[in-house]
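Notes follow once the structure below has been shown.
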């Protein structure tokens, strides 16, 4: 497998499908140019809310996709930016299409004056470019060019007619492939497909061969089937990693040529591309930070393992509480046989034994009377039970924290950027506190992070208690896996899709007033689209320790136990 996987036509087709689905009717609110080869469009639409579209014509990192990464704009407006603002500000997104089966995407907008504006993103390697054009028909007029081009077979200047890049459409369409033309050997077949057909990268050709083997069909049928899936918008975006844990590319479908452990499904092609290029742009350089975090994780793991063993020992000793209570009762049941001080032990009939005539020897405090020894045994039994109740909860907390720390260790192993390391540190600090993490210098570059990593989480203050509500599936997942502590109260509408709520308890869930819980549950119901108009809604409530995200489950899916249900009327604060 190569070091990186190229942004190819199948990936671009997946982007076009996503943009046409997510952005139709969205209005351009702002145009920003990030650098000489990259600009972004901020859009807002009733269907998808606020979105940012990134268009990049960098010769190595050319791409188009939605992005969540905030980028600083250039301090001065370039000629391209001025033209883009003139034609695109206030324009409505219409569609994204691939005019030919190649790395050329056409984004269509309509201005408030009903003029048609095109953004042609030509993602052709060293010749990558973006052209802004207006007009209708096959010969729109160029208004601006992102990268200056000199010479060549076509004019790329304002007021010239836009023509497709030279060579576009020269190769046969992959849908016309015939089995008889493709070599039988897998390697030769992959080379032939990549060299012969338009829009088929070497990785796409390798995937065609792997798909043919997986589906039990010929190479031609596999490629035609893959094109048919793209035409129908049937994509399954994945990120691809290597044996070292680095993300090396994105593919529009399940990558059959990649081992299962190195392919990772993503919710959309844009999410896959956004995270991949973020990792590519800033490979890990914080070796000191990584080492400090690894040391802190090992320290916290050892501490919790030791304390967990202690709590389990307490639980084992607490099993004798019934025995201490029986001994106390036996002392009281035979007052004439118990010395009133001065004895180290006493042997009494065991009234609890199944065997007639059985006896039991009970250790005594020689300085206490028989009644005082019985009271001491009763107190010991109560103390053991109280300790067991605490130890049971503490052991559950420790086990949960060890699980979270183990997950953070995995994230540390996979961290590739300063932002990744900062997220690892924050995740550990949420469990153990900033003071305990300590050690190591943080990266010189200050990373400004959005609250909750930018996820849509609404925060409420309910009578002094902090309450969080997720507004999307990803936000719900973030609350469950990154925000909630084991003893926080988690809630969700019963038997319906909806928002997740997390109520901070400061490790004392039993002290949260019922009135606060009911207000929080009413907010969760009001934030759950499927039930918010109901007069009465059932909301399940449990502690975070009893909630789990199934392995491999999609964002926002959770399983829980030991929940109680309350009925509330949906109401926002």
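What the table shows:
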{"item": "In the range 176-188, the residues that are touching a helix residue (DSSP H, G or I) at 6+ places or on another chain (Cβ under 6 Å) and either outside the structural domain of residue 256 (by TED's automatic domain parsing) or in a loop (DSSP other than H, G, I, E, B) (or both)", "result": "177, 178, 182, 183"}
{"item": "The lone exception for residue 199 - which of (1) closer than 20 Å to residue 61 by Cα; (2) at pLDDT 95 or above it fails", "result": "(2)"}
{"item": "Cross-chain or 6+ apart pairs with Cβ under 8 Å, the range 511-522 first and buried (at least 17 other Cβ atoms within 10 Å of the Cβ), then assigned to a helix (DSSP H, G or I)", "result": "none"}
{"item": "Filter result for residue 136 (in a loop (DSSP other than H, G, I, E, B) and in contact with a helix residue (DSSP H, G or I) (Cβ under 6 Å, 6 or more places away or on another chain))", "result": "no"}
{"item": "Residue 296 being out of contact with any strand residue (DSSP E or B) (no Cβ under 6 Å at 6 or more places or on another chain), within 30 Å of residue 420 (Cα to Cα), in contact (Cβ under 8 Å) with a residue 60 or more places away in the chain and loosely packed, with under 13 Cβ neighbours inside 10 Å", "result": "no"}
{"item": "Top-ranked residue in the range 310-319 [being loosely packed, with under 12 Cβ neighbours inside 10 Å and part of a helix (DSSP H, G or I); ranked as farthest from the chain's Cα centre (by Cα)]", "result": "316"}
{"item": "Residues of the range 320-349 satisfying the condition of being under 23 Å from residue 386 (Cβ atoms) and part of a loop (DSSP other than H, G, I, E, B)", "result": "320"}
{"item": "Lone unmet requirement of (1) crowded, with 21+ Cβ neighbours inside 10 Å; (2) in contact with a strand residue (DSSP E or B) (Cβ under 9 Å, 6 or more places away or on another chain); (3) assigned to a loop (DSSP other than H, G, I, E, B) for residue 101", "result": "(2)"}
{"item": "Test: residue in the range 200-214 that is crowded, with 22+ Cβ neighbours inside 10 Å, within 32 Å of the chain's Cα centre (by Cα), assigned by TED's automatic domain parsing to the domain that holds residue 252 and assigned to a loop (DSSP other than H, G, I, E, B)", "result": "yes"}
{"item": "Answer residue from the range 543-556, given it is modelled with pLDDT under 90 and surrounded by 13 or more Cβ atoms within 10 Å (Cβ to Cβ) and is farthest from residue 238 (Cα to Cα) among those", "result": "549"}
{"item": "The range 320-341, residues that are touching a residue at least 60 places away in the same chain (Cβ under 8 Å) and surrounded by fewer than 18 Cβ atoms within 10 Å (Cβ to Cβ)", "result": "320"}
{"item": "Some residue of the range 350-371 being assigned by TED's automatic domain parsing to the domain that holds residue 398, in contact (Cβ under 8 Å) with a residue 40 or more places away in the chain, surrounded by 16 or more Cβ atoms within 10 Å (Cβ to Cβ) and part of a helix (DSSP H, G or I)", "result": "no"}
{"item": "Only one of 480, 428 that is in a helix (DSSP H, G or I), modelled with pLDDT of 80 or more and touching a helix residue (DSSP H, G or I) at 6+ places or on another chain (Cβ under 7 Å)", "result": "428"}
{"item": "Total residues in the range 46-97, condition assigned to a loop (DSSP other than H, G, I, E, B) and surrounded by fewer than 19 Cβ atoms within 10 Å (Cβ to Cβ)", "result": "20"}
{"item": "Members of the range 112-133 found to be at pLDDT 90 or above, part of a loop (DSSP other than H, G, I, E, B) and surrounded by fewer than 22 Cβ atoms within 10 Å (Cβ to Cβ), listed by number", "result": "112, 113, 114, 115"}
{"item": "So residue 377, is it more than 19 Å from the chain's Cα centre (by Cα) and over 30 Å from residue 485 (Cβ atoms)", "result": "yes"}
{"item": "The range 151-179 - residue that is at pLDDT below 90 and under 30 Å from residue 218 (Cα atoms) and, of those, surrounded by the most Cβ atoms within 10 Å (Cβ to Cβ)", "result": "168"}
{"item": "Yes/no for residue 191 being within 29 Å of the chain's Cα centre (by Cα), without any contact (Cβ under 8 Å) to a residue 60 or more places away in the chain, farther than 30 Å from residue 409 by Cα and in a helix (DSSP H, G or I)", "result": "no"}
{"item": "Scan of the range 527-560 for residues that are in contact (Cβ under 8 Å) with a residue 60 or more places away in the chain and over 18 Å from residue 473 (Cα atoms), ordered by number", "result": "545"}
{"item": "Failed condition for residue 245, given (1) assigned to a loop (DSSP other than H, G, I, E, B); (2) out of contact with any helix residue (DSSP H, G or I) (no Cβ under 7 Å at 6 or more places or on another chain); (3) within 23 Å of residue 280 (Cα to Cα)", "result": "(2)"}
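Here is a yes/no grid of residues against (1) at negative phi; (2) assigned to a strand (DSSP E or B):
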{"site": "485", "(1), (2)": "yes, no"}
{"site": "506", "(1), (2)": "no, no"}
{"site": "518", "(1), (2)": "yes, no"}
{"site": "521", "(1), (2)": "yes, no"}
{"site": "524", "(1), (2)": "yes, no"}
{"site": "529", "(1), (2)": "yes, no"}
{"site": "532", "(1), (2)": "yes, no"}
{"site": "541", "(1), (2)": "yes, yes"}
{"site": "551", "(1), (2)": "yes, no"}
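The values are calculated or read from the model by the stated rules, or taken from the named source; none is laboratory data. Predicted, not measured: the structure shown is a model, and the values here were computed from it. Backbone-built Cβ (ideal geometry, glycine too); neighbour counts: all protein chains shown.
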